[in-house]
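Visitor: Please see the structure below; I have some questions.
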Amino acid sequence: MQMAKRKFTLTIEEEAKFKTAYHQSKDANLSKKLLAVRLYGTGHPTDSIIELVDCSRTSMMEWVQKYQQHGLASLKDQRQGGNHIKLTKAQKAAIRGKVHQYTPKQLLGSACATSSGAHWTGADLKQLIYQEYTVLYKSPTSYQVMLTEFGLSYQRTEKVFKSKSQLKYAHFEEQLEKN
């Protein structure tokens, strides 16, 4: 029984491009795909590629087919997180402007997350975005990432005890200082 002859082979130039892309890649999944397709295209046995790269034959053949149809770029992961499209670039720019121009207290009043309302928190940004665009992100991390994108550093929120009377607290501190 004779084995079927492989129809896919890489040219020397294509192989060089694969090697370069492989060495420049910081994405493990992309590196895996690049290696598998390069080895397959240079005639290595399918079973040894599957074992070396730790993938299924089906996945490897899908990667080869993607490369043949659309080139190297098609092997990159095309997925984007679920939160990427909730706000347009213009909406993000508008929020960014407000965050840099105003404090949470100025825009949200007493509804801001901290008692001083001087610094933006993820909770404040969440309220502002909902107030402006009725958009809610699933993960609180999305708001922290957005604050970082806006050039703001992380501030640990202050502890606010709503049940504590400010007058009683001031009186208590005054008594401490006298003693």
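Derivation of every value follows stated rules applied to the coordinates shown; laboratory data play no part. Only a predicted model underlies this, so the values are computations on that prediction, with no experimental measurement involved. With ideal geometry, Cβ positions are generated from the backbone for all residues, glycine too; neighbour counts draw on all protein chains shown.
Visitor: Viscosity 0.692 mPa s, temperature 37 °C: give me the Stokes-Einstein translational D for segment 92-178 in µm²/s, with Rh taken as the Kirkwood radius over C-alpha pairs.
Guide: 228 µm²/s
Visitor: Put a dot 7 Å past each Cα toward the Cβ at residue 47 and residue 171; how far apart are the dots in nm?
Guide: Distance between label points: 8.7 nm.
Visitor: Per Stokes-Einstein, at 10 °C and 1.306 mPa s, what whole-number D in µm² s⁻¹ belongs to the chain, with the Kirkwood radius over Cα pairs as the hydrodynamic radius?
Guide: The Stokes-Einstein estimate is 74 µm²/s.
Visitor: Could you check the spin-label model distance between residue 58 and residue 148? Points 7 Å from the Cα along Cα→Cβ, value in nm.
Guide: It works out to 3.6 nm between the two label points.
Visitor: I want to check the label-to-label distance for residue 65 and residue 90. Put each point 7 Å from Cα in the C-beta direction and report it in nm to one decimal.
Guide: Placing both labels 7 Å beyond Cα along the Cβ direction yields 4.1 nm.
Visitor: Among 100, 111, 172, flag the residue with its Cα farthest along the positive direction of the charge dipole of segment 92-178, charges on Cβ as +1 for Lys/Arg and -1 for Asp/Glu.
Guide: Working it through, the farthest residue towards the positive pole turns out to be 111.
Visitor: Specify the angular offset, from 0 to 90 degrees and rounded to the nearest 10, of the alpha carbon long axis of helix 140-149 from the longest principal axis of the alpha carbons in the chain.
Guide: 90 degrees
Visitor: As a test of the definition: which semi-axes, in Å, follow for segment 12-75 when you take the square root of five times each eigenvalue of its alpha carbon gyration tensor? Largest first, please.
Guide: Taking √(5λ) for each eigenvalue gives 16, 13, 12 Å, largest first.
Visitor: Something else: Using a 10 Å cut-off around each Cβ, can you sort 8, 18 from fewest to most neighbouring Cβ atoms?
Guide: 8, 18
Visitor: If you don't mind, there's one more thing I want to ask. For an R0 of 35 angstrom, estimate the FRET efficiency from the Cβ-Cβ distance between residue 15 and residue 133 and round to the nearest 0.05.
Guide: My answer for the efficiency is 0.10.
Visitor: Right, something else. Extension gain residue 141-residue 98, at 0.36 nm per residue separation less the Cα-Cα distance, in nm?
Guide: 13.5 nm
Visitor: Could you work out how far helix 89-101 tilts from the main Cα principal axis of the chain, as a 0 to 90 degree angle to the nearest 10?
Guide: 30 degrees
Visitor: Taking the 0 to 90 degree range and rounding to the nearest ten, how far is the long axis of helix 57-70 tilted relative to the main principal axis of the chain, both from C-alpha atoms?
Guide: Approximately 90 degrees, to the nearest ten.
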